[in-house]
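Below is one structure, written out as structure tokens, with a few remarks after it.
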Amino acid sequence: MYKELKIAIDGPAAAGKSTIAKMTAEKLGYTYIDTGAMYRALTHKALVQNIDTNDGDKLTALLRDTAIVLLPSAKGQKVIVDDVDVSEEIRSQQVTAHVSAVAVHSGVRALMVEKQQQLAEGTGVVMDGRDIGTAVLPNAELKIFMTASVEERAMRRYLENEKRGMATPLEQLAAEISERDRADSERVVSPLKQAEDAIVIDTTSMTIEEVAREISKLAEERAHI
Ligand code: DC
């Protein structure tokens, strides 16, 4: 007998979480939820509406008034905000530069966590983010904390951007990743932190397939009842 699991994948920016989470979800037939995309979606909407990213109350009100839908697609997850596909826009440099500031606010986080918990109800899920094992799905049967060196993560982002036709210097990406690590780890509400019961996987010298295989193996062990 197998049961459907909740799988939490946390870790710093560009550690390969979304690629791995998506692959694992496909393999297991589970729903994949990219929570970073939800914070990016709100950030994009705030920037379009010229809302100050330091204003937590305004951002929380904006989120309350925003419909974020995540749809599976061949090219990764589609992100629909108020019926508009913003999948490309939320990956822009501008959104990337402001998203940590938006994610800092307790009102925003509380509402996001609520939305994410609703999305995970009654189904097998693989969810990736920063606080999934600690705040969103504290009872997840499998918690992974995925890391990789800053240099390796910058290189992966570089190659990813290149595929999208964006040429950002490697040094700039490394600096941005370090800054996001710092901001995400030092914030007061739900900082990026390894859950006590998480399994740490350092992916610096692993291939995507190796990481996916390891997580699937762990999932199969835990799904067996
Ligand atoms: O995974 P990502 O780079 O797309 O995430 C974008 C930002 O959103 C990241 O800098 C921190 C924030 N985030 C968060 O605070 N909590 C999550 N569960 C997911 C993302």
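The values are calculated or read from the model by the stated rules, or taken from the named source; none is laboratory data. Treat the numbers as computed from the prediction; the structure is a model and nothing was measured. Cβ sites come from the backbone with ideal geometry, for glycine too, and all protein chains shown count toward neighbours. Accessible surface areas use protein heavy atoms only, side chains included; no ligands, DNA or RNA. Shrake-Rupley method; radii C 1.70, N 1.55, O 1.52, S 1.80 Å.
Can you give me the number of residues within the stretch 119-133 that are over 20 Å from S216 (Cα atoms) and out of contact with any Leu (no Cβ under 9 Å at 6 or more places or on another chain)?
So in the stretch 119-133, the residues over 20 Å from S216 (Cα atoms) come out as 119, 121-122, 130-131.
Checking the rest, the ones that are also out of contact with any Leu (no Cβ under 9 Å at 6 or more places or on another chain) come to 121-122.
Matching residues across the stretch 119-133 total 2.
Residues in the stretch 65-84 that are within 13 Å of A41 (Cα to Cα), open to solvent by 50 Å² or more (accessible area, probe 1.4 Å) and not hydrophobic (A, V, I, L, M, F, W, C): D65, K78, D82, D83. Looking across the stretch 162-195 at every residue that is at pLDDT below 95 and of a type in the set (D, E), the one that is least open to solvent (accessible area, probe 1.4 Å) is identified as D184.
Within the stretch 206-215, the residues that satisfy the criterion of being open to solvent by 30 Å² or more (accessible area, probe 1.4 Å) and of a type outside the set (V, I, T) are M206, E209, E210, R213, E214.
Is it the case that some residue within the stretch 146-155 is touching a residue at least 40 places away in the same chain (Cβ under 8 Å), within 16 Å of the ligand (Cβ to nearest atom), open to solvent by 30 Å² or more (accessible area, probe 1.4 Å) and not in a loop (DSSP other than H, G, I, E, B)? There is at least one residue in the stretch 146-155 that is touching a residue at least 40 places away in the same chain (Cβ under 8 Å), within 16 Å of the ligand (Cβ to nearest atom), open to solvent by 30 Å² or more (accessible area, probe 1.4 Å) and not in a loop (DSSP other than H, G, I, E, B).
Within the stretch 1-47, which residues are open to solvent by less than 10 Å² (accessible area, probe 1.4 Å) and of a type in the set (S, T, N, Q)? Once the filter is applied, which keeps residues that are open to solvent by less than 10 Å² (accessible area, probe 1.4 Å) and of a type in the set (S, T, N, Q), the stretch 1-47 yields T24, T35, T43.
Once the stretch 216-225 is narrowed to residues that are surrounded by fewer than 13 Cβ atoms within 10 Å (Cβ to Cβ) and either at pLDDT below 90 or assigned to a loop (DSSP other than H, G, I, E, B) (or both), the residue that is nearest to the chain's Cα centre (by Cα) is H224.
Take the residues of the stretch 196-205 that are of a type outside the set (G, A, S) and either within 15 Å of K17 (Cα to Cα) or open to solvent by less than 80 Å² (accessible area, probe 1.4 Å) (or both): which is nearest to the ligand (Cβ to nearest atom)? It would help to see each step written out before you state the result.
As a first pass, look at the stretch 196-205 and keep what is of a type outside the set (G, A, S): 196-197, 199-204.
Going one step further and asking which of them are either within 15 Å of K17 (Cα to Cα) or open to solvent by less than 80 Å² (accessible area, probe 1.4 Å) (or both), we end up with 199-204.
On the way: I199: 18, V200: 18, I201: 16, D202: 18, T203: 15, T204: 18 Å.
Taking the candidates together, the pick is T203.
Tell me whether the stretch 114-133 contains one or more residues that are touching a residue at least 40 places away in the same chain (Cβ under 8 Å), β-branched (V, I, T), crowded, with 20+ Cβ neighbours inside 10 Å and within 17 Å of V48 (Cβ to Cβ). Show your work before the answer.
In the first step, residues of the stretch 114-133 are kept if they are touching a residue at least 40 places away in the same chain (Cβ under 8 Å); the result is 115-116, 119-120, 123-133.
Narrowing further to those that are β-branched (V, I, T): 123, 125-126, 132.
Checking which are crowded, with 20+ Cβ neighbours inside 10 Å leaves us with 125-126, 132.
Keeping just the survivors that are within 17 Å of V48 (Cβ to Cβ) gives none.
Within the stretch 114-133 (the criterion being touching a residue at least 40 places away in the same chain (Cβ under 8 Å), β-branched (V, I, T), crowded, with 20+ Cβ neighbours inside 10 Å and within 17 Å of V48 (Cβ to Cβ)), the answer is no, since none of the residues qualifies.
As a summary of the residue check, K163 satisfies the conditions (1) more than 12 Å from the ligand (Cβ to nearest atom); (2) within 15 Å of I9 (Cα to Cα) except for the one numbered (2). Here I201, I208 are screened, and the one residue that is in contact with a Phe, Trp or Tyr (Cβ under 8 Å, 6 or more places away or on another chain) and of a type in the set (A, V, I, L, M, F, W, C) is I201.
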